[in-house]
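One structure below.
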Amino acid sequence: MKQFEQPLNTPVITTKHVMQDKSVIVYVAHHEEDGSWVFTGAEDFLPKYAMVITLEKMLEHDASILEVADMPVGYYAIRKDKNSPWRVVTPK
């Protein structure tokens with residue numbers, strides 16, 4: 001089974017839409033600048049809806065993100081809905 005290299009207490013970015021409104025995670029980014037992770041739904045990402053939680057809380061919320069745990073820095077992954085497979089996109 002895939003695992004994240006980062007410790008479970010690593011801060012990650014998500015949105016209130018995902019955590020409070022139960023929006024499905026359809027976008028995952030592993031940022032090149034600092035190696036941070038971002039997990040968002042289909043809604044536009046606006047800073048006023050951003051949340052910082054631990055990787056552990058994110059995994060408890062949606063364990064399907066383990067499918068992209070080994071995604072390299074600088075890449076992102078998308079999917080249509082909860083039942084769709086992740087498609088990892090290489091940077092240009």
Inset, instruction - Can you run down the residue pairs with Cβ atoms below 9 Å, 6 or more apart or on separate chains, where the first is in the range 52-65 and small (Gly, Ala, Ser) and the partner is assigned to a loop (DSSP other than H, G, I, E, B)? - result: Ser64/Ile25; Ser64/Arg79; Ser64/Lys82; Ser64/Trp86
Inset, instruction - Could you check, for the range 28-36, whether at least one of its residues is surrounded by 12 or more Cβ atoms within 10 Å (Cβ to Cβ), in contact with a helix residue (DSSP H, G or I) (Cβ under 7 Å, 6 or more places away or on another chain) and under 12 Å from Ile13 (Cβ atoms)? - result: yes
Legend entry - Residues being basic (Lys, Arg) and either touching a strand residue (DSSP E or B) at 6+ places or on another chain (Cβ under 8 Å) or not in a loop (DSSP other than H, G, I, E, B) (or both) - total across the range 61-92: 2
Inset, instruction - Take Leu59 and decide whether it is among the aliphatic types (A, V, I, L, M) and surrounded by 13 or more Cβ atoms within 10 Å (Cβ to Cβ). - result: yes
Inset, instruction - Please state which of the following conditions Thr40 fails to meet, knowing it meets all the rest: (1) in contact with a helix residue (DSSP H, G or I) (Cβ under 7 Å, 6 or more places away or on another chain); (2) of a type outside the set (Lys, Arg); (3) on the phi > 0 side of the Ramachandran plot. - result: (3)
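Quick note: the coordinates plus some simple rules give every number you see, no bench work behind them. If you're wondering where the values come from, they're calculated on a predicted model, not measured in any experiment. No Cβ is skipped: glycine too gets one built from the backbone with ideal geometry, and neighbour counts run over all protein chains shown.
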